[in-house]
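Below: the structure, in structure tokens.
The values are calculated or read from the model by the stated rules, or taken from the named source; none is laboratory data. Keep in mind the model is a prediction, meaning the values are calculated, not measured. Neighbour counts run over all protein chains shown; Cβ positions are idealised from the backbone, glycine included.
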Amino acid sequence: FTTLSLVSSQRKTSEEIMKEAVKLMPGGVNSPVRAFRSVGGNPIVFKKVKGSKVYDVDGNEYIDYVGTWGPAIVGHANDEVVKALKEAVENGTSFGAPCELENILARMVIDAVPSVEMVRFVNSGTEACMSALRLMRAYTGREKIIKFAGCFHGHADPYLVQAGSGVATLGLPDSPGVPKSTTENTLTAPYNDYQAVENLFHTYPNQIAGVILEPVVGNSGFILPDKSFLEGLRSLTRREGALLCFDEVMTGFRISYGGAQKYFNIQPDLTTFGKIIGGGLPVGAYGGRKDIMEMIAPSGPVYQSGTLSGNPLAMTAGIKTLEILKRPGTYEYLEQITSKLVNSMVAIAQDAGHAFTGGHLSAMFGFFFTSGTVKNFEDAKRSDLAKFQRFHRSMLEQGIYLAPSQFEAGFISLQHSERDIEETLQAFTRVMKEI
Ligand code: PLP
């Protein structure tokens, strides 16, 4: 493999594979944002991933800031995770019966995340959020929920209202095929707007089951919460007899070992997880207060199941990933290199005369081509999307792989070196002069 700068634009094999893929799968992909629609050009077809790098089928190497959309926090194909998986696979790929690995990972999640007393494993973040919603409704006996514009909680029908991520990227307000009856109980408010949420509770007294949010937003691009906003939601939901659910699918074990809730010191009633806790294998989970979680079947009447849930390989990858993250110094290192990257990017971009703003928390970061602060999805949408498109393509030519949408966050891993950051900043400097 060679670095892209040496073999610039040689992506013939990628193009050929995608030509075939579009005949076989809608848009040639199995998840929409991968298709590069919002940045134009052809997606890159990967051959392998390792450490902080991804390698395409044409032999090009890229420094990666997507990290398979979040899970790869200990680096792609981490040697320790791979070794653990090799050993585990000898015992079988799926049990469909209890296994001790589930206890171990459940214990790790419960010990790490202050509000979680019990947990249920599922297979994706979508499943986790869908199940948490059913549980919030069952527990409260109410049907309405509040979500925030630009927050993404997977693709279950009730959440496809003003959703971020790929839904935002494609400019779909909603999705056809989602019945009005499924979304009429989904209320939305602008992110960071406490008053709007209080107003909804006034308008619909005793009807709102819960409030779900990304405690740090990654699906409208990267947006930080005001701490007072999170605190306000905590006391408001408590006062109104509604539940507060933090969707930590992206932020769990990334913002800190105990997630965003530990960082901001706020205890939600329920939390959803995914990505990191499966170490790159398909996993989700939801957890929270014991009295709520005990309502789930077979302890209680709320039905939810899964053939592959608690899968031994996914549990193994998750356990090893959390073990690595728990070692001293990990989050300090992630904070150090991420802040270096983002602070330097802001300085370089502004020096070059661009309206540019960026931010990070731990190993999650983002930036917008705009001069104002970005507090919510409306602000994010005001940034210069055409410039982002040019930027993305130019960075790719320089061997830097960023999420192919302005409305996604960036992720850093423990395998990103100071040298990776330096090389990225050099590429960034060149691109800022060019676009
Ligand atoms: N919730 C959040 C905050 C997410 O970022 C995502 C996916 O990116 C999901 C839920 C859905 O997770 P999955 O793609 O595993 O279904």
Regarding segment 399-417, can at least one residue be identified that is of a type in the set (D, E) and surrounded by fewer than 19 Cβ atoms within 10 Å (Cβ to Cβ)?
no
Kindly state which helices (runs of 4 or more DSSP H) lie completely within segment 48-143 and contain at least 2 residues that are away from the ligand (no atom under 16 Å from the Cβ), at pLDDT below 95 and within 26 Å of L402 (Cβ to Cβ).
none
Of the residues that make up segment 256-264, is at least one closer than 24 Å to K326 by Cβ, among the aliphatic types (A, V, I, L, M), under 16 Å from the mean Cα position of the chain (by Cα) and buried (at least 24 other Cβ atoms within 10 Å of the Cβ)?
yes
Top-ranked residue of segment 144-155 - restricted to ones that are over 21 Å from Q207 (Cα atoms) and hydrophobic (A, V, I, L, M, F, W, C), ranked as farthest from the ligand (Cβ to nearest atom)
C151
So, in segment 109-136, of the ones that are crowded, with 20+ Cβ neighbours inside 10 Å and of a type in the set (G, A, S), which residue ends up farthest from C245 (Cα to Cα)?
G125
For a quick check of your reading of the model, give me the residue pairs whose first member lies in segment 265-279 and is farther than 16 Å from S131 by Cα and among the aliphatic types (A, V, I, L, M), whose second is in a helix (DSSP H, G or I) and within 14 Å of the ligand (Cβ to nearest atom), with beta-carbon atoms closer than 8 Å and at least 6 apart or on different chains.
I276/G318; I277/G318
Any chance V29 is more than 22 Å from H392 (Cα to Cα) and modelled with pLDDT of 95 or more
no
Test: P225 is at pLDDT 95 or above, surrounded by fewer than 24 Cβ atoms within 10 Å (Cβ to Cβ), touching a strand residue (DSSP E or B) at 6+ places or on another chain (Cβ under 9 Å) and part of a loop (DSSP other than H, G, I, E, B)
yes
Long-range neighbours under 6 Å by Cβ, at least six apart or interchain, first residue at pLDDT 50 or above within segment 1-20, second surrounded by 14 or more Cβ atoms within 10 Å (Cβ to Cβ) and assigned to a helix (DSSP H, G or I)
M18/G28
Go through segment 378-431 and report how many residues are in contact (Cβ under 8 Å) with a residue 12 or more places away in the chain, under 30 Å from K326 (Cα atoms) and of a type in the set (D, E).
4
G164 - would you say it is within 12 Å of the ligand (Cβ to nearest atom), buried (at least 24 other Cβ atoms within 10 Å of the Cβ), not assigned by TED's automatic domain parsing to the domain that holds Q389 and not acidic (D, E)?
yes
If you go through segment 65-81 one residue at a time, how many are out of contact with any Leu (no Cβ under 9 Å at 6 or more places or on another chain), surrounded by 15 or more Cβ atoms within 10 Å (Cβ to Cβ) and over 17 Å from M250 (Cα atoms)?
2
Residues in segment 189-209: is at least one within 16 Å of the ligand (Cβ to nearest atom), in a loop (DSSP other than H, G, I, E, B) and surrounded by 23 or more Cβ atoms within 10 Å (Cβ to Cβ)?
yes
Considering residues of segment 405-435 that are aliphatic (A, V, I, L, M) and in a helix (DSSP H, G or I) only, the residue nearest to L334 (Cα to Cα)
I421
